[in-house]
């Protein structure tokens, strides 16, 4: 039997997703409803109660956690804690994958946000299916999900924080995306071209990036600068680095080629990058 963890916030996107999944009545499939309460709003416990009741009505297992992050928590930290919880539930149930309700509008918003943040071309294809996360709605628009919810008499909860332009995503959603609506097809086509390129790049990275704490210097000397950056990013993420922006990756890629043996530089709060004769090594700071 296959098992999937379905992330349900209580909003229209995830409520529609769960309804679609259950309506298919697949054989030999078990869904577990998972809800993460960020604790960023005084009434967020009502979202949990709402989702728990949906799971109960559908006779599905329900898992929840209260984060108590506070109302000024950044989007990045909220996302990090949410996925941490989802992966814990995935491990608990030995599930095959996590399923999220990200849709086409999320894809476009994330593209714009990552352009503004300067994350580089990979940021344009960051929302996609992975080995542990399934996003079946990436081709579905927000308006189509709302229409589906109305057609099936679904109820959901509105998050009032979605109206605040204090969050970058909300600002992009409210003020940028309406002006780009006529360019939706062009943006998605550009994303597809970049995705095809990274399909080839990722195949190369599987060949040159080792599954160890030491990275040979030779790939950083033989490949082009864009590929060097991808090698460094992929390897450091595999070693546990989290807070990496474009400037940090470029700084570390240069250091890996030029740092004298025996010297080390900061990666982030958890890692050092230590130079050796023919390799660079990721060293945990707790043991550094």
Exercise. Please find, within region 260-288, the residue that is farthest from residue 211 (Cα to Cα) out of those that are in a loop (DSSP other than H, G, I, E, B), touching a residue at least 24 places away in the same chain (Cβ under 8 Å) and touching a helix residue (DSSP H, G or I) at 6+ places or on another chain (Cβ under 9 Å).
Key: 268
Quiz item: Can you find a residue in region 51-59 that is in contact (Cβ under 8 Å) with a residue 24 or more places away in the chain, under 13 Å from residue 159 (Cβ atoms) and in contact with a strand residue (DSSP E or B) (Cβ under 7 Å, 6 or more places away or on another chain)?
Solution: yes
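Results for (1) under 24 Å from the mean Cα position of the chain (by Cα); (2) in the same structural domain as residue 93 (by TED's automatic domain parsing); (3) closer than 15 Å to residue 93 by Cβ, shown as yes or no for each residue.
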| site | (1), (2), (3) |
| --- | --- |
| 23 | no, yes, no |
| 48 | yes, yes, no |
| 55 | no, yes, yes |
| 58 | no, yes, no |
Exercise. Out of 92, 68, report the one residue that is more than 21 Å from residue 14 (Cα to Cα), in contact with a strand residue (DSSP E or B) (Cβ under 9 Å, 6 or more places away or on another chain) and modelled with pLDDT under 90.
Key: 68
Quiz item: Across region 86-102, what is the total count of residues that are buried (at least 19 other Cβ atoms within 10 Å of the Cβ) and out of contact with any helix residue (DSSP H, G or I) (no Cβ under 6 Å at 6 or more places or on another chain)?
Solution: 7
Quiz item: Got a sec? Which of 178, 160 is exposed (fewer than 10 other Cβ atoms within 10 Å of the Cβ), more than 30 Å from residue 273 (Cβ to Cβ) and touching a residue at least 60 places away in the same chain (Cβ under 8 Å)?
Solution: 160
Quiz item: Is it the case that some residue within region 240-259 is at pLDDT 90 or above, in a loop (DSSP other than H, G, I, E, B) and more than 20 Å from the chain's Cα centre (by Cα)?
Solution: yes
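The values are calculated or read from the model by the stated rules, or taken from the named source; none is laboratory data. Computed from a prediction, not measured in an experiment: that's the story for all the values here. Cβ: placed from backbone, ideal geometry, glycine included. Neighbour counts: every protein chain shown.
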